[in-house]
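What follows is a single structure, written as structure tokens, with notes after it.
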Amino acid sequence: MSQVPSGPRTPLLAFALAALAFLTFLPALGHDFLVYDDDQYVTANPAVLGGLSATGVRWAFTSGHAANWHPLTWLAHMADVELWGLMPRGHHLTNLLLHAACAAVLFLALQRSTGAVWPSAIVAALFAVHPTRIEAVAWVAERKELLSALLGFLTILSYAAWARAGGRGQPWGALALFAAGLMAKPMLVTLPFVLVLLDVWPLGRVRADDRPLKALARATGEKAPFLALAVASSAVTFLVQRAGGAVGTLESYPLGVRVANALVAYAGYLRRLFWPAGLAVFYPHPGRSLSAAAVVGAAILFLVLCALAWLLRRRRPYVFVGWFWFAGMLVPVIGLVQVGFQALADRYAYVTFVGLFLALVWLAAERVERGPAWTRPLAAALGVALVLACVVQTRRELAHWRDSETLFRRALAVTSGNYVACQNLAHHLNEKNRPAEALPLLEEALRLRPRYPEARVNLGRSLFLLGRVDEAIPQFEQAIALRPDDPVALNNLAFSRMNQGDLAETVRLYGLALGLQPDWAEVQHRAGIVQILQGDDEGGGARLERAAALAPGNDEYTSHARGWRALRRDPRDPSPDAARLRDYLVVSHQQAADVLAHRGRLEDAAGQLGLAARRAPERADLHENAGVAWSRAGNAGRARSAFEAAVAADPARASAQNNLGYMLFEAGDVGGAIARYREALRLAPDFALARNNLALAERRGARVRPTARP
């Protein structure tokens, strides 16, 4: 094939390809965040929500959160929060811009490597618009795929420039870009082998007729610094993913099962290359259910294509390079070491399909170049038609990504046995306060995968939202039994125990959750409030301070921390923050009392109301409520003291005067009782209960005893 040197049209073509990529995915700007991983990466990640800071940078480079070590990805998400806050449009815009940049840089890298402008442009155009791009582009959590791909393509561009300039010394620029790419997503670990393939063709640094082992040794030895980085990244990734529970066990997926799925997955990727329809966000791993015919057929296809590529390595080296680019780059994610529970994923086609595009486009270009002149405009027209067909199909599939409900209903429609889609759709429905719709989905998810802690947690949430707290608790307990280090399950169990009135157990469970995830501001705040409800003001106040430090943008947490500091100095501090916290605590005490009373724990309920009154001693209603509760609990002494405090706080409160009169009468102080009843009637002449109690008190020896106003 003739080589076409770079010229003024090269940057114009790069810009056009970037525009094509951007415009194809433009509807994604109107999409929402998803409940699937977007919470871990952005919307519920305290470190990311804090934006770019020294603390955030340190966390990014030291954290294995989400079972990955990819500090540049975390920094990119933090930068988005700085720019856009939690506006989904902004985060999607960044993804679109990165995808557009990938298309442009891929074109420049291929053009620099091959010298062929139009074939490079067609490959980049297919890369830009093929429907298998959707998962990487339309999913905010897949920022890592885009960022690593961009850095990978820049690595190839830099390496090609170094090779074309004579290839002396080490390609330090390419090495630095490769290192950065690994810190965005470690899937680039196989890129050194792609560079070896490019040495064969188009760079011609390894001759096709060289002895294979000798040529391989020379090319691989030259890539030693790249390989060292790849090995280090692989080791770190495996350790982090195993620690995060993302690596499937050998018992779950024996070697034979993994090899069988890998072979069928290769065939599945090829099907999606030529027929990219019925795409889903998750394809369940088939486990042992694959038929022998499917595995044998996939194995034959894979081996035939490998053999064909090898046989064509001299006559058509681009087929050799393209096929092994695809097959080799998929190795880390094909499932030989199982990470997650998917059979395959469209996002893994983002970079790997470049090899197939390259092989097919160069093969077609060679045919056209050797054919009659009339085939060239026909080939151009067919190329344009193919790109437009991809755009149409991409837009059609992209519409299913607009929100979580649409995405997972689509996944359920085009796959079978998809327990992940069931669970995540149910999670979304719970978030939208539609727990009755979530229940059957969660039951199906647990039927398909009984040991599924996330589904257990969400089933518990559904039951809790439906008011079935006693049924929710066993679900949370089963989830914790399956995954003891799950802070979400512990938090939900703690909240449920609080709704049962078991404050001591609530504090214990919150402590366990925070031991696993100490930067969870919401739980720090909630745990602090419960500790204060228990009477541990110092411990609870410290948690309020911690919550405010973790979420400085949360006005409520910040106000409560300031209020705590003020109340610690002076319990009667009149500042707005102190008043806000005081009111919040009073309401919390009252809510706890309601739960305890409903559970029949009348003394504990009265104690909570007493604490509420102590927070705001100027409020007669709080003292009176505490008095009524103590009376119902059978503690006449505390009831009388509470009513006396109510009268002291507001002598004009007729109901408090009547209730104090009742307690005095019960204690045998008939004269004191009569005085209180008369005062109540003076304040409220139509107060029938006080009038009746007065009459009864004045009739000494009467068999009917006066009653307190409830």
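The values are calculated or read from the model by the stated rules, or taken from the named source; none is laboratory data. Here the structure is a predicted model, which is why all the values come from computation and not from measurement. Quick reminder, even Gly has a Cβ in these numbers, built from the backbone with ideal geometry, and neighbours come from all protein chains shown. Please note that ligands, DNA and RNA were not included when accessible areas were found on the heavy atoms of the full protein model with its side chains. Shrake-Rupley method; radii C 1.70, N 1.55, O 1.52, S 1.80 Å.
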Out of segment 534-543, which residues are assigned to a helix (DSSP H, G or I) and surrounded by fewer than 23 Cβ atoms within 10 Å (Cβ to Cβ)? D537, E538, G539, G540, G541, A542
Report, by residue number, each residue of segment 164-179 that is open to solvent by 20 Å² or more (accessible area, probe 1.4 Å) and either assigned to a helix (DSSP H, G or I) or in contact with a Cys (Cβ under 9 Å, 6 or more places away or on another chain) (or both). R164, W172, G173, L175, A176, L177, A179
Segment 12-39 residues that are within 25 Å of C422 (Cβ to Cβ), paired with ones that are in a helix (DSSP H, G or I) and of a type in the set (V, I, T) (beta carbon under 6 Å, 6 or more apart): F33/T43; D38/V140
Give the residue that is farthest from the chain's Cα centre (by Cα), with candidates limited to residues of segment 357-392 that are among the β-branched types (V, I, T) and open to solvent by 60 Å² or more (accessible area, probe 1.4 Å). V384
Quick one: how many residues across segment 504-523 are of a type outside the set (S, T, N, Q) and open to solvent by less than 40 Å² (accessible area, probe 1.4 Å)? 8
I need the full set of residues from segment 223-245 which are more than 24 Å from P171 (Cα to Cα) and not in a helix (DSSP H, G or I), in order please. G244, G245
Within segment 40-58, count every residue that is open to solvent by 50 Å² or more (accessible area, probe 1.4 Å), assigned to a helix (DSSP H, G or I) and either without any contact (Cβ under 8 Å) to a residue 24 or more places away in the chain or of a type in the set (G, A, S) (or both). 4
Among the residues of segment 59-86, which ones are closer than 20 Å to V236 by Cα and assigned to a helix (DSSP H, G or I)? W59, A60, F61, T62, H65, A66, A67, P71, L72, T73, W74, L75
One residue is enough: does segment 183-190 have a residue meeting the conditions surrounded by fewer than 19 Cβ atoms within 10 Å (Cβ to Cβ), assigned to a helix (DSSP H, G or I) and at pLDDT below 95? no
Hey, could you check segment 246-257 for residues that are assigned to a helix (DSSP H, G or I) and surrounded by fewer than 20 Cβ atoms within 10 Å (Cβ to Cβ) and say which is modelled with the highest pLDDT? G256
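Yes or no, residue by residue, for (1) under 30 Å from L49 (Cβ atoms); (2) surrounded by 18 or more Cβ atoms within 10 Å (Cβ to Cβ); (3) modelled with pLDDT of 95 or more:
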residue: G553; (1), (2), (3): yes, no, no
residue: H560; (1), (2), (3): yes, yes, yes
residue: R569; (1), (2), (3): no, no, no
residue: D573; (1), (2), (3): no, no, no
residue: D577; (1), (2), (3): yes, yes, yes
residue: V595; (1), (2), (3): no, yes, no
residue: D621; (1), (2), (3): no, no, yes
Given the condition touching a Ser or Thr at 6+ places or on another chain (Cβ under 8 Å), more than 25 Å from V137 (Cα to Cα) and touching a residue at least 60 places away in the same chain (Cβ under 8 Å), answer yes or no: does some residue in segment 369-380 qualify? yes
Look through L503, L493, L482, L463 and report the one residue that is in contact with a Phe, Trp or Tyr (Cβ under 6 Å, 6 or more places away or on another chain) and not hydroxyl-bearing (S, T, Y). L493
Taking segment 132-145 and keeping residues part of a helix (DSSP H, G or I) and either surrounded by fewer than 24 Cβ atoms within 10 Å (Cβ to Cβ) or hydrophobic (A, V, I, L, M, F, W, C) (or both) leaves T132, I134, E135, A136, V137, A138, V140, A141, E142
Residue that is surrounded by the most Cβ atoms within 10 Å (Cβ to Cβ) [pool: residues in segment 652-673 that are out of contact with any Asp or Glu (no Cβ under 8 Å at 6 or more places or on another chain) and not in a helix (DSSP H, G or I)]: D669
Kindly check whether there is at least one residue in segment 677-690 that is among the acidic types (D, E), over 30 Å from E505 (Cβ atoms) and in a helix (DSSP H, G or I). yes
Which condition does R599 not pass, out of (1) open to solvent by 70 Å² or more (accessible area, probe 1.4 Å); (2) free of Cβ contacts under 8 Å to residues at least 12 places away in the same chain, if it passes all the others? (2)
Out of A161, A101, A109, A128, I need the residue that is open to solvent by 10 Å² or more (accessible area, probe 1.4 Å) and either among the polar types (S, T, N, Q) or in contact with a Leu (Cβ under 6 Å, 6 or more places away or on another chain) (or both). Which one? A101
Pairing a residue in segment 499-516 that is touching a residue at least 40 places away in the same chain (Cβ under 8 Å) with any residue that is charged (D, E, K, R) and crowded, with 20+ Cβ neighbours inside 10 Å, where Cβ atoms lie under 6 Å and the two sit 6 or more apart in sequence or on different chains, gives none
At pLDDT below 95 and either among the basic types (K, R) or not in a strand (DSSP E or B) (or both): is that true of G278 in this structure? no
When you go through R396, R313, R367 one by one, which is the residue that is farther than 22 Å from R258 by Cβ and either assigned to a loop (DSSP other than H, G, I, E, B) or of a type in the set (S, T, N, Q) (or both)? R313
Being modelled with pLDDT under 95, open to solvent by 30 Å² or more (accessible area, probe 1.4 Å), in contact with a Pro (Cβ under 9 Å, 6 or more places away or on another chain) and farther than 25 Å from S120 by Cβ, is that true of even one residue in segment 340-347? yes
Taking segment 469-503 and keeping only residues that are part of a helix (DSSP H, G or I) and open to solvent by 60 Å² or more (accessible area, probe 1.4 Å), one is left with D470, E471, E477, Q478, A481, V488, F495
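Here's the yes/no breakdown for (1) modelled with pLDDT under 80; (2) surrounded by fewer than 20 Cβ atoms within 10 Å (Cβ to Cβ):
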residue: P212; (1), (2): yes, yes
residue: E222; (1), (2): no, yes
residue: V231; (1), (2): no, yes
residue: L263; (1), (2): no, no
Yes or no: L336 of a type in the set (A, V, I, L, M, F, W, C), touching a residue at least 40 places away in the same chain (Cβ under 8 Å), outside any helix (DSSP H, G or I) and closer than 22 Å to V137 by Cα? no
If you go through segment 551-589, how many residues are within 30 Å of the chain's Cα centre (by Cα) and either β-branched (V, I, T) or farther than 21 Å from E522 by Cβ (or both)? 1
Determine, yes or no, whether L75 is modelled with pLDDT of 95 or more and either buried (at least 20 other Cβ atoms within 10 Å of the Cβ) or aliphatic (A, V, I, L, M) (or both). yes
